[in-house]
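*Asks:* Below you will find the structure I want to go over with you.
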Amino acid sequence: MTCKLSFTRRLLTITTLFSCLIFSASSSAFSLSDLFGGSDDKQPEASTASNPLTDILSSQLDVTPEQAAGGAGALLSLASSQLNGDQATELTQMIPGADALSAAIPPGLGGLLTNIDTINQVFSALGMDASMVSQFVPIVMQFLGDQGASAGLMQSLGTIWNPAS
């Protein structure tokens, strides 16, 4: 009887946790593929292939379009999480296909982006050395400047992406 009760409790606990994950309001920001890896969605690759920022990064840094998209997506996600509302909105309007770039971050790593040091983990997962972060930042900053980003946004991004300077 005790074994059956223990099994029932475990089953109920697992079912409850799974239901909370599936049906919670925040589940749209979390995917089971983040936990288990992989994804059947090939849309971000197609979207990032024609992204002008990805094209610039790929050509100037000798990285693949996927590496360029994931690296830029990681930088943009970090910035969006730390900018105020107006600047975050301006940033997403400056980058064509910003959502597709953020979707190019390897599964399970998007939630780790809390500071510039965590960007290194994303770059490593994409097959790039951490030193590539310092090569991505000026190119992304130049791209944003060319797109007409405000001085306030550029200053904020400089602080986020180059905290030691």
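The values are calculated or read from the model by the stated rules, or taken from the named source; none is laboratory data. The shown structure was predicted, so the numbers you read here are calculated from the model rather than taken from an experiment. The area values use the complete protein model at the heavy-atom level, side chains included, leaving out ligands, DNA and RNA. Shrake-Rupley method; radii C 1.70, N 1.55, O 1.52, S 1.80 Å.
*Asks:* Just to confirm, what accessible area per residue do you get for segment 54-165 at 1.4 Å probe, in whole Å²?
*Replies:* Value for segment 54-165: 45 Å² per residue.
*Asks:* Another question about this same structure. With every protein chain left in place, what is the accessible area of residue 114 in Å² (1.4 Å probe, nearest 10)?
*Replies:* 90 Å²
*Asks:* Only Cα pairs under 8 Å and at least 6 apart count here; give the relative contact order of segment 66-124 as a rounded whole percent.
*Replies:* In percent, rounded to a whole number, it is 52.
*Asks:* Right, here's the next one. Taking all protein chains as present, what is the carbon and sulfur share of the accessible area of segment 70-148, in % to the nearest whole number, probe 1.4 Å? Write out the running numbers ahead of the final one.
*Replies:* Details: 1620 of 3380 Å².
The value for segment 70-148 is 48 percent carbon and sulfur by accessible area.
*Asks:* In addition: Given the Cα-Cα distance of residue 60 and residue 121 and 0.36 nm per residue of separation, how much length would full extension add, in nm?
*Replies:* 19.8 nm
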